[in-house]
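Taking it in order: structure first as structure tokens, then the write-up.
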Amino acid sequence: MKGKTVQTQAGVMLLEALIAVLIFSLGILSLVALQATSIQLTSDAKYRTDASLLANKLIGQMWASGASPNDLRTRFQTGGADYNTWLSEVQGKDGLPGVVDASAGIDATLPTVTVDGATGQVVITLFWRTPQMKLTGPGSSHSHIVTSQIIQNQ
């Protein structure tokens, strides 16, 4: 009787060990995936913060300039001299990723700035593509829109 019990349980311990290794491996893989997701979300949050800071910097420059709404439109609206200076900062090393001219062959949209000369309302729209989006080809990009009212005391 004793010999039969040992024979019928042969390999059970090996099977339990293999199942334990499988469960442990799945746990480790889940932790690695969690860490990768965490890193991606952190970089996305950094880009959103950078976009907000860049837009607020331009609004601060507009407000500090003391210009009338029509002058703001000339200087800061898309294509203006101060807009081009700001755009070079947005596209620079410390700016947003993937902000390039469409002539570079990448599906991208440049930031836009519109100024209403009558009311002084400013709308700044920033677009960027994360490095992961660049690898997947054309598609959607992230955006950040800021609306502000600039009224100068006259």
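How do 34, 58, 110 rank when sorted from fewest to most other Cβ atoms within 10 Å of their own Cβ?
34, 110, 58
Grab every C-alpha pair in segment 21-112, bin the distances at 5 angstrom width from 0 up to the longest one, and report whole percents.
The distribution over segment 21-112 is 2, 12, 16, 16, 13, 10, 8, 6, 5, 5, 3, 2, 1, 1, 0, given as percents.
Separation between the residue 32 and residue 71 pseudo-spin-labels, each 7 Å from Cα along Cα→Cβ, expressed in nm?
6.1 nm
Readers should treat all values here as calculations from the given coordinates under stated rules, not as data from a laboratory. Since we're looking at a predicted model, the values are computed, not measured. Note that we place each Cβ from the backbone using ideal geometry, even for glycine, and neighbour counts take in every protein chain shown.
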